């Protein structure tokens, strides 16, 4: 018999803040269900690239719902398809998802993704995000964070359009200031400029090889593509 005097009487799940699913999670769950229905309805002779894009959408939903195992599984199936079709942005998106799944190949995915993000003019927002992961991963006294921060700023300066330039360079300047403070304990603008000059962080011809060394250390030989072959396809190699 129901106790009408109980404080739980008449209480629905949606009224309980502990049990209530957030609006964002609800939206993601709906999107996931729609993507899965679409995926299951694909014909067997479906275009491989179309199928891979849909798998990536599914993986993003799983990651947003904090289900990294599923996100990792769906993303792994797409990376090589994007590489074969020269879909560099989507290939980097794959690497970012795999990194955020925090599995054993997270850092390998990060290194592979950053190399592509620097080599090809993809969305600078994505490139900066990937390089910021290195800042998060490295110790306070590591030169790697400084190299990543300055390279992110260079990409913001050279690849952002007029509309996003101000916001992106403001962001990268903040990252540089953060790294300078933790790297050498400096926060004064003039001191930061001296620090940049001292470590030759403003010389892109020296910055790129330094990043190459960092990526080689991160990936430890586990490259998911042939970099030399890709370089041969570039307009300038």
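Scanning the stretch 151-161 for residues that are in a helix (DSSP H, G or I) and either over 23 Å from the mean Cα position of the chain (by Cα) or surrounded by 15 or more Cβ atoms within 10 Å (Cβ to Cβ) (or both) returns 151, 152, 153, 154, 155, 156, 159.
Looking only at residues that are in contact with a helix residue (DSSP H, G or I) (Cβ under 7 Å, 6 or more places away or on another chain) and surrounded by 12 or more Cβ atoms within 10 Å (Cβ to Cβ) in the stretch 181-195, which one is farthest from residue 115 (Cα to Cα)?
Looking at the filtered set, the residue picked out is 186.
Residue 202 falls short on exactly one of the conditions (1) in a loop (DSSP other than H, G, I, E, B); (2) at pLDDT 90 or above; (3) within 22 Å of residue 120 (Cβ to Cβ); (4) over 23 Å from the mean Cα position of the chain (by Cα), and that condition is (3).
Let's see how each residue does on (1) under 20 Å from residue 215 (Cα atoms); (2) outside any loop (DSSP other than H, G, I, E, B); (3) modelled with pLDDT of 90 or more:
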position: 133; (1), (2), (3): yes, yes, yes
position: 165; (1), (2), (3): no, yes, yes
position: 182; (1), (2), (3): no, yes, no
position: 187; (1), (2), (3): no, no, no
position: 191; (1), (2), (3): no, yes, yes
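Here's the yes/no breakdown for (1) modelled with pLDDT under 95; (2) surrounded by 13 or more Cβ atoms within 10 Å (Cβ to Cβ); (3) under 24 Å from residue 218 (Cα atoms):
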site	(1), (2), (3)
6	yes, no, no
10	yes, no, no
20	yes, yes, no
57	no, yes, no
77	yes, yes, yes
111	no, yes, yes
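The values are calculated or read from the model by the stated rules, or taken from the named source; none is laboratory data. Source: prediction; values computed, not measured. Positions of Cβ are generated from backbone atoms using ideal geometry, with glycine treated the same way; all protein chains shown enter the neighbour counts.
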